[in-house]
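Some notes on the structure that comes next.
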Amino acid sequence: MVHDDSGGHAMKARSGPEVVAPTNRVNVALPFGNIHIEQSSKDLAELAALVVELVSIVEVLAPGPTVEKLREKAQALAARVG
C-alpha cells in the first residue's frame, strides 16, 4: 500500500489560467474641448439688431430704468456681433 502524505488530495498539474481575458486597451480621444459651434455671423447680427428694435418699442410703451438697462445690453450685444 502506498502512503499519501497530501491528505488524500491529489495535486493538480498547473497548465495555465482557466479563463483567458484579453488585456488590450484602447484609448479614444474625442475633441470635446475643441468643439466650436459656428453660426452665421450675418444672421446673428440681424437677430441682435431685431432685439434692439424690440427693446426700443418696449421702452416707448413702458419706460423705466429696467428697460433702459435692457436697451443698453441689447445695443452692446449688437455692437459686439455686428
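The values are calculated or read from the model by the stated rules, or taken from the named source; none is laboratory data. These numbers come from a predicted model, not from an experiment. In this analysis, Cβ positions are derived from the backbone assuming ideal geometry, glycine residues included, and neighbour counts consider all displayed protein chains.
Counting only residues that are modelled with pLDDT under 90 and outside any helix (DSSP H, G or I), how many does the stretch 45-82 have? Going through the stretch 45-82 one residue at a time, the tally reaches 1. Of all residues in the stretch 20-45, those that are within 30 Å of Gln75 (Cβ to Cβ) and among the hydrophobic types (A, V, I, L, M, F, W, C) have Cβ atoms under 6 Å from Cβ atoms of residues that are at pLDDT 70 or above and not in a loop (DSSP other than H, G, I, E, B), 6 or more apart or on another chain, in Leu44/Val81; Ala45/Val81. Look at the stretch 48-65: where a residue is under 17 Å from Leu77 (Cα atoms) and surrounded by 12 or more Cβ atoms within 10 Å (Cβ to Cβ) and a partner is among the polar types (S, T, N, Q) and modelled with pLDDT under 95, sitting 6+ places away or on another chain with Cβ atoms under 7 Å, you get Val52/Gln75.
Do we have Val20 as of a type in the set (Val, Ile, Thr), at pLDDT 75 or above and over 23 Å from the mean Cα position of the chain (by Cα) here? The answer is no for Val20. Filtering the stretch 55-82 to residues that are over 36 Å from the mean Cα position of the chain (by Cα) and acidic (Asp, Glu) leaves only Glu59.
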